[in-house]
Amino acid sequence: MTSPDSDQRFHSNPELLVPIEGDFAGKDILSMSQFSRRSLERLFDVSGQIEGYLETDSVPRLLDGAHAALIFAEPSTRTRGSFGSAVLHLGGYEPLTDPYLKLFPNIEDPEFDFRILDYKAVLGDGGLIVMRHPQEGAVRKAAEVLRDVAPKVVVPIINAGDGIGEHPTQAMLDMYTMKKRFGRLDGLRGVIAGDLKNGRTLHSLIRGLSCYKGNTVYLLSPQELRLREEERSVFASLPISLVEIEDREQIPEDANFWYWTRVQKERFKNPEEYEAIKDGMVLTGDLLKMQNNRNMIIMHPGPVIHEVERSTIDLDPRWIYFEQAANGLPVRMALLTLVLGKIK
Amino acid sequence: MTSPDSDQRFHSNPELLVPIEGDFAGKDILSMSQFSRRSLERLFDVSGQIEGYLETDSVPRLLDGAHAALIFAEPSTRTRGSFGSAVLHLGGYEPLTDPYLKLFPNIEDPEFDFRILDYKAVLGDGGLIVMRHPQEGAVRKAAEVLRDVAPKVVVPIINAGDGIGEHPTQAMLDMYTMKKRFGRLDGLRGVIAGDLKNGRTLHSLIRGLSCYKGNTVYLLSPQELRLREEERSVFASLPISLVEIEDREQIPEDANFWYWTRVQKERFKNPEEYEAIKDGMVLTGDLLKMQNNRNMIIMHPGPVIHEVERSTIDLDPRWIYFEQAANGLPVRMALLTLVLGKIK
Amino acid sequence: MTSPDSDQRFHSNPELLVPIEGDFAGKDILSMSQFSRRSLERLFDVSGQIEGYLETDSVPRLLDGAHAALIFAEPSTRTRGSFGSAVLHLGGYEPLTDPYLKLFPNIEDPEFDFRILDYKAVLGDGGLIVMRHPQEGAVRKAAEVLRDVAPKVVVPIINAGDGIGEHPTQAMLDMYTMKKRFGRLDGLRGVIAGDLKNGRTLHSLIRGLSCYKGNTVYLLSPQELRLREEERSVFASLPISLVEIEDREQIPEDANFWYWTRVQKERFKNPEEYEAIKDGMVLTGDLLKMQNNRNMIIMHPGPVIHEVERSTIDLDPRWIYFEQAANGLPVRMALLTLVLGKIK
């Protein structure tokens, strides 16, 4: 895997994914593959500006007059809460989710389209949808429906996680966290550990890091949880160096970041297999002693279950879980403001 | 059915329904039969004013200090979202619906009254309730409870749809849409098609149009879905010309509006009957070619399921579904402001 | 039971309950036993100030920039609505509860901790949690988790009712109501009637009244619903005079307040027992005629079910149920502002 100049490059399927260059306004945010270094830098600049407003309790009502609907067809605390706060913080309005309408249809169900159009009708031109759905590709399907019917009424949609597909706003806040810590997003060395097969956050993060130059990521997982062939072949063409490792001893001593993820118990057919694997994937204090780089950081997309030895790690200053999560607010506020065209 | 002068006339049951003249403040909004030409004109004037604010992102916080509770005991996306946005847009506050309290009691259940009084207690004087309930008459029952107990604490209630009864705010936005398009609400010729038996929106719309002069409405439905006898006898006394037709060939060539509604599959005992009827009630491109009036509009209260040939109709400029839905916001904002007495 | 000087006294378990003196900022609000006369007076002063803002529709956005999460793991209309309004009124933001996440875990479940930390992550430093939970002690457990992990990220928690434990904010609004009526909270004589065994509101109220001097409370209940031994022994050490009575004839003629509560039907094993008891515990017009004190007030924490003879009591000016409930808003606004340190 090579690392050519990645500036101004897009990984988009031209039929479905519109590249975000300088201008986010009115565009659907479906995948990190729509982004370039330039568009990410724009996003992080606005995020920094908004973080300044937050710190001084002086957030302008940039979204006054805008409506957003949060359609979360899967449980969510952090992403949902963060988007909800972002909308309200900027002076926008969230038409409330109806508790009687809990089950959002599958994408194969004809009602999927009707329900999406119902939201379009209530939001009207200038509205925005944030959607999470358990099926990969569901948000893209919704985007097509929104564009095809009444195309003059523009209601962009943001992917807040589609099954094992992508979770682009998580990758954005992860990268914003790195940028604040290291002052750059080029030439980083990192470790992504855990369930690489089912983890949508890292699928987005690898795409995002490939927009910058000279990044190397070690992918640590047991054999059973390696990247899917599908993702592997896409990533092979990206300008990022990926090194798959299976043994914790192979973690480099000078990584800038560790990105730990949860082993998803519910995917295992044989519980004993899970038990054997899980013990090998716990982030322990002993493991961390191997690192010589005092400036490294340990990230986690949450929720933290059993894969971190909390008694030790919670006290380690390199464990920046809460700082990372807190970055979700300014980054999502920035994204909403840009997509709704409320900032030049 | 005759069409005498309808100005200043009320269709109220004087014991239960208080007429809205110039002054909406503190009154319950239960039925379109409370309205006169004068009160509807007042509502549309304020709606237009608020639409201007919305277009320039300069909505004054007219409801600052007011609380509204949305009690939706049936699913709703558009009406619920629109009322929720209206409250927040004007600076009001919505005490959130408790997801643990999903099933609102039947009106026969003694707990119905206690729960309504709970809402009265939390809202306090100057609060407002918006209620949808599957039973006809439920909102009127709630209004009685609210007035009878602690009458000095004034909490008006707005009907957002009571079973197959009425849906007055839908009729308000429908008429506002017509007024914007035609510059008048007198002397219109329209078609209301579909399920006239179970469609609460058209029960309200016919009442509303009868407040103006010289309106004629053709009611197109299969035999099985004609108006109920109960509604028919009420409407017979209203100053509006109603012409019941069963054949699409009888649609006049010069209608100003078509108002299409969904055939409610779930009411049919025999599925084959539904299949036969439903095909005859689809709004097709071919059917629309019969119309000579280029300025006519096609409306639909939503949601659109199978009764519109979307591939053709979605592209027709006379199909103003999204424009119509968008009018829900300024009209509901106007109604809230007037009922809470926040505008003179 | 004696009544020594109660000023500056705390009933705290020093290991768990931090006393609130002048400074509420950043402190968990778990029990009325954290409060002193001084801290309650501070709370009521700010409540009065905020009530003035509410009356003139001029509430400053004191919480701008703050986030609150309402975690209600039990049904609630008045408390939840009141806290929700309070947050929004002050310019705060409530990340919405996820309808997919309805069942909050038991405190024994390891997921209880993870979920609390999820909320901490989304709120970030300066956020606040309001929690109701069916288990006694659940809010205290949550407070420990919030303090132990990432202690520099300060997210205080407020108890909105923990099983049959406490409900401190209800006691605060009850006492604020008394103070407004009588101009003082010393030297009051009152009756608390109903289900003293299971009523968490009165457990908090007795603690609160013991912060003032010379108060006497008659506790009226059937034998089966007397105070639990546990509470009885705690209250015995408090500077408040408690007189247990079983017969309505023993109610003093000169009480300042009656505080009536619901007999909790669901706790009875034998329905006939409930029927027998319940009739003896109804607040009737006849009973009220016994009172000679025209300035007395009748309070009730709600909801009112069958234990009040509404046909008579609703018309009695001493029945101040709606006034009492309305005081929930300014008192909860004051508490939020103080705990978030937004007022000096």
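Quick notes on this one:
- The protein assembly as shown - mean residue ellipticity at 222 nm from DSSP helices (-39,500 (n - 2.57) per run, n ≥ 4, rounded to 500): -11000 deg cm²/dmol
- Per-bin percent of Cα-Cα distances, chain A [20 Å]: 31, 58, 11
- Summary value for chain C: 22 percent relative contact order, contacts being C-alpha pairs under 8 angstrom separated by 6+ residues.
- Placing +1 on the Cβ of every Lys and Arg and -1 on the Cβ of every Asp and Glu, with nothing else charged, gives segment B:168-326 a dipole about its Cα centre of roughly 720 debye.
- Ascending distances from the residue B:244 label point to its copies in the other chains, with the point 7 Å along the Cα-to-beta-carbon line: 7.2, 7.2 nm.
- Residues of the protein assembly as shown: accessible area per residue with a 1.4 Å probe, Å²: 36
- Label geometry 7 Å along the beta-carbon vector: residue B:264 inter-copy distances in nm: 4.1, 4.1
- Cα-Cα P(r), segment A:144-276, percent of pairs per 5 Å interval: 2, 9, 18, 21, 18, 13, 8, 6, 4, 2, 1, 0
- Simple rule: put +1 on each Lys or Arg Cβ and -1 on each Asp or Glu Cβ in segment A:139-239, find the dipole, and look at A:225, A:145, A:188; the Cα lying farthest toward the positive end is A:188.
- Taking Cα atoms only, the orientation of helix C:78-89 departs from the longest principal axis of chain C by about 40 degrees.
- Under 13 Å from the residue A:232 label point (7 Å along Cα→beta-carbon), backbone N, segment A:156-196: A:196
- Lysine pair count for segment C:168-326 (Cα-Cα distance under 24 Å; residues 8 or more apart in sequence or on different chains): 8.
- Acute angle (nearest 10 degrees) that the helix C:271-280 long axis makes with the longest principal axis of chain C, alpha-carbon atoms: 70
- In segment A:168-326, taking the dipole from charged Cβ atoms about the Cα centre, the farthest positive-side position among A:290, A:216, A:271 is held by A:216.
- Pairwise label distance in nanometres, residue C:286 with residue B:55, each label 7 Å out on the Cα-Cβ vector: 6.9
- Cα centre as origin, Lys/Arg/Asp/Glu Cβ charges: chain C dipole, Debye: 800
- Segment A:256-301-segment B:114-157 distance, computed between alpha-carbon centres (Å): 55
- Scanning chain A for GluC sites (Glu not before Pro) lying in DSSP loops with no more than 10 further Cβ atoms inside 10 Å, the longest uninterrupted stretch between such sites is A:109-252.
- Label geometry 7 Å along the beta-carbon vector: residue C:279 inter-copy distances in nm: 6.7, 6.7
- Efficiency of FRET between residue B:311 and residue A:109 - r from beta-carbon atoms, R0 25 angstrom, step 0.05: 0.80
- Magnitude of the charge dipole for the protein assembly as shown, about its Cα centre and with charges confined to Cβ atoms of Lys, Arg (+1) and Asp, Glu (-1), is about 2360 debye.
- Förster radius 25 Å - calculated FRET efficiency between residue A:41 and residue C:125 (Cβ-Cβ, nearest 0.05): 0.40
- Shielding of peptide B:303-310 by partners, expressed as the average count of other chain Cβ atoms within 10 Å per residue Cβ, is 3.
The values are calculated or read from the model by the stated rules, or taken from the named source; none is laboratory data. The structure displayed is predicted, hence computed values, not measured ones. With ideal geometry, Cβ positions are generated from the backbone for all residues, glycine too; neighbour counts draw on all protein chains shown. Side chains are part of the model used for accessible areas, which takes the heavy atoms of the whole protein and leaves out ligands, DNA and RNA. Shrake-Rupley method; radii C 1.70, N 1.55, O 1.52, S 1.80 Å.
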